[in-house]
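For reference, the structure discussed in these notes is given below.
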Amino acid sequence: MSSENMLAVHFDKPGGPENLYLKEVAKPRPGEGEVLLKVAASALNRADLIQRQGQYDPPPGASSILGLEASGHIAELGPACQGHWKIGDPAMVLLPGGGQAQYVTAPEEFLMPIPAGLTLFQAAAIPEAWLTAFQLLHLLGNVQAGDSVLIHAGSSGVGTAAIQLARMAGAIPLVTAGSQHKLQMAEKLGAAAGFNYKEEDFSEATLKFTKGAGVNLILDCIGGSFWEKNVNCLALDGHWILYGLMGGTDVSGPLFSKLIFKRGSLITTMLRSRDKKYKQRLVEAFTKQILPHFSTESPQRLLPVLDRVYPVTAIQQAHAYMESNKNVGKIVLELPQ
């Protein structure tokens, strides 16, 4: 392979994991204010699965290669970089795409230093999941000490991050998940209670836990199939934040009348399609407020949860495993060096 090329995850047509393979493509060049990162690891996200299925196009101008987060070392600085980074520095980065390749470019403001004591695999599991959880709780949910927070998919990458961040904010995290093993893992991370949505009505269990008051904040990546139970266990003046549609898009029934009765706020959000300025502010706030707590010296240490690491050559197996919904925490891909 020439030095102008690299290996990247690719698919020729939308469909199942069997369509994925590694392809030799042109190595990107950093533009003005951008850096080139030599990728050591990249984590999988649901967005990768949906894009592979042909249902989620990258934002305009973004790479069509999968991968919304990565870690590695800086290989090149583009023109007009501000001097925060040097060649060889380890870094992790939030991306609109392109992470599942040997090299990726990004605005220098989207990069974050890797906290002391973390591996490159752990670092790759932070940007998309933890910035999403931080955005949901703090920027959109305005979480306060004493608030109760219901986190759906509590054992996912975003879920495991949200549990820890809610605890750090002095809030009370409650979670839903589909197995006892996942609920136990969530409780180890600090969830005050967990409900198996396959075996019980989580809204009734939530109301019981909160002594009928309901939760102040719901972090919802499920959507359609959970709407009625969400409104049922939302506290008066509560915030329900929708950031995914794993449970479908259709709503049938009196959503608005139930929501207005609770004076509830329904907020929808996506991080990938946000503009550069928003992401820059988000990365800056997270780097200042949260990143120091990942360090081994922090008394309130935060930890990314890794389920397993696959070599990128096993990309089909990694996607199939994520689709099986068995993972607790993040699935990470190791790129050849």
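Computed from the coordinates by the stated procedures, all read-outs in this text should not be read as laboratory data. Owing to the predicted nature of the structure, the values given are computational and were not obtained by experimental measurement. A quick note on method: Cβ atoms are made from the backbone with ideal geometry, for glycine too, and the neighbour counts reach across all protein chains shown.
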* Along the Cα-to-Cβ line of Asp275, 7 Å from the Cα, sits a label point; which residues in region 71-99 have backbone N less than 18 Å from it? -> 96
* To do: Any chance you could run the full-extension gain for Ile267 through Lys288? It's 0.36 nm times the residue separation minus the Cα-Cα distance, nm to one decimal.
  => 5.0 nm
* Structure fact -> When His10, His84, His152 are ranked with the fewest other C-beta atoms within 10 Å first, the list becomes His84, His10, His152
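Shape call for region 1-150 from the C-alpha gyration tensor, a ≥ b ≥ c root eigenvalues: rounded (a/c under 1.5), prolate (a/b greater than b/c) or oblate?
Here region 1-150 falls in the oblate category.
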* Isotropic mean projected area of the C-alpha convex hull, region 132-268 (nm²) -> 7.1
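Local charge sum around Trp227 (other residues, Cβ-Cβ under 10 Å, Lys/Arg +1, Asp/Glu -1)?
Its environment carries a net charge of -1.
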* To do: Just grab the label-to-label distance for Ser257 and Gln144, each label 7 Å out from Cα along the Cβ direction, in nm (one decimal).
  => 3.1
* To do: Enumerate by residue number the chymotrypsin sites (Phe, Trp or Tyr not before Pro) in region 1-104 meeting two conditions: DSSP loop (anything except H, G, I, E, B), and at most 10 other Cβ atoms within 10 Å of the site's Cβ.
  => none
* To do: Counting only C-alpha contacts under 8 Å and six or more residues apart, can you give the relative contact order of region 132-268 as a whole percent?
  => 20
* Measure nothing fancy, just the Cα-based angle from helix 157-168's long axis to the longest principal axis of the chain, in degrees from 0 to 90, nearest 10. => 60
* GluC sites (Glu not before Pro) restricted to DSSP loop in region 20-85 with at most 16 other C-beta within 10 Å -> Glu32
* Structure fact -> Computed over the chain: longest principal axis from alpha-carbon atoms vs helix 180-189 long axis, angle to nearest 10 degrees, is 80
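Order 296-308, 252-264, 226-238, 89-101 from most to least packed using the mean count of other Cβ atoms within 10 Å.
Top to bottom by mean Cβ count within 10 Å: 89-101, 226-238, 296-308, 252-264.
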* Determine the shape class of the chain: with a ≥ b ≥ c the square roots of the Cα gyration tensor eigenvalues, call it rounded for a/c under 1.5, and otherwise prolate if a/b is greater than b/c, oblate otherwise. => prolate
* To do: Count the net charge of all other residues whose Cβ sits under 14 Å from the Cβ of Leu255, scoring Lys and Arg as +1 and Asp and Glu as -1.
  => 0
* With springs only between Cα atoms under 10 Å apart, run a GNM on the chain and tell me which of Lys208, Lys326, Lys279 wobbles the most. => Lys208
* Structure fact -> Along the dipole axis of region 132-268 (charges at Cβ: +1 for Lys and Arg, -1 for Asp and Glu; origin at the Cα centre), the most positive-end residue among Phe261, Leu219, Gly146 is Gly146
* Asked: Suppose R0 equals 56 Å; then what is the FRET efficiency for Asp201 and His84 from their Cβ-Cβ distance, rounded to the nearest 0.05?
  -> 0.65
* Structure fact -> If each K or R counts +1 and each D or E counts -1, the residues other than Phe11 whose Cβ falls under 11 Å of its Cβ total 0
